[in-house]
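What follows is a set of notes on a single structure, which appears directly below.
The values are calculated or read from the model by the stated rules, or taken from the named source; none is laboratory data. Values in this document were obtained by computation on a predicted structure and should not be read as measured data. Here the Cβ positions follow ideal geometry from the backbone for every residue, glycine too, while neighbour counts run over all protein chains shown.
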Amino acid sequence: MTRLRAQGAMLLGHPLIIMIQPETMAYTSESGELLAADTNEVAMRAAGGQALTLPPDFSDEPVDGWAGTLDLATDELLLHFPSGHVFYDGTLPTTEGWVDQVRAAGSVIVVTGPMATLQDIEPLLMAGRLLWTRVPLVIR
């Protein structure tokens, strides 16, 4: 997978984890044919990720098999794909209000896309390049 950085956010009362992706990894065949422009996007779609549209509809239940844990003492976040493979293993700074919202919901919306910074979100949303999935999150 590519290098990712997690950022907590809120959207319309829903707690989100926005996965900042400073670099995009493409996948090509031996002949040079482009098979995937963004391997992270391919993996997310295969694991139940869906396009983020306006207005967003986050009513879906968590996708079976996704799992996440967040250790508040260290800010360590671990997210697993339904296959059991690690999607993210790093830090996630949080706020008390965000943590309260996640605890109340029992899950979090994970948003991905080829965004190098938070400023890339709006143009990528308008271009239909953001994906989301709901992930159960255990907070310790």
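Here are some notes:
- Leu137 satisfies every condition listed in (1) assigned to a loop (DSSP other than H, G, I, E, B); (2) touching a Gly at 6+ places or on another chain (Cβ under 9 Å) except (1).
- Qualifying residue in the range 94-101 (condition: assigned to a strand (DSSP E or B), in contact with a Pro (Cβ under 6 Å, 6 or more places away or on another chain), surrounded by 14 or more Cβ atoms within 10 Å (Cβ to Cβ) and at pLDDT 95 or above): no
- In the range 98-120, the residues that are of a type outside the set (Asp, Glu) and free of Cβ contacts under 8 Å to residues at least 60 places away in the same chain: Val99, Arg103, Ala104, Gly106, Ser107, Gln119
- Only one entry of Thr133, Thr91 meets the criterion of being over 24 Å from Glu61 (Cα atoms), in contact (Cβ under 8 Å) with a residue 24 or more places away in the chain and surrounded by 14 or more Cβ atoms within 10 Å (Cβ to Cβ), and that entry is Thr91.
- When the range 14-24 is limited to residues that are surrounded by 15 or more Cβ atoms within 10 Å (Cβ to Cβ) and under 13 Å from Ala116 (Cα atoms), the one that is modelled with the lowest pLDDT turns out to be Thr24.
- Screening Ala37 against (1) at pLDDT 85 or above; (2) surrounded by fewer than 16 Cβ atoms within 10 Å (Cβ to Cβ); (3) farther than 14 Å from Leu137 by Cα; (4) over 14 Å from the mean Cα position of the chain (by Cα) leaves a single unmet condition, (1).
- Residue pairs whose Cβ atoms lie under 9 Å apart, sitting 6 or more positions apart in sequence or on different chains, and linking a residue in the range 54-76 that is farther than 15 Å from Ile17 by Cα to a partner that is among the charged types (D, E, K, R) and surrounded by 14 or more Cβ atoms within 10 Å (Cβ to Cβ), are Asp60/Arg134; Glu61/Arg134; Val63/Arg134.
- Scanning the range 62-93 for residues that are among the acidic types (Asp, Glu) and part of a loop (DSSP other than H, G, I, E, B) gives Asp64, Asp75.
- Residues located in the range 65-84, provided they are closer than 11 Å to Ile139 by Cβ and under 13 Å from the mean Cα position of the chain (by Cα): Gly68, Leu77
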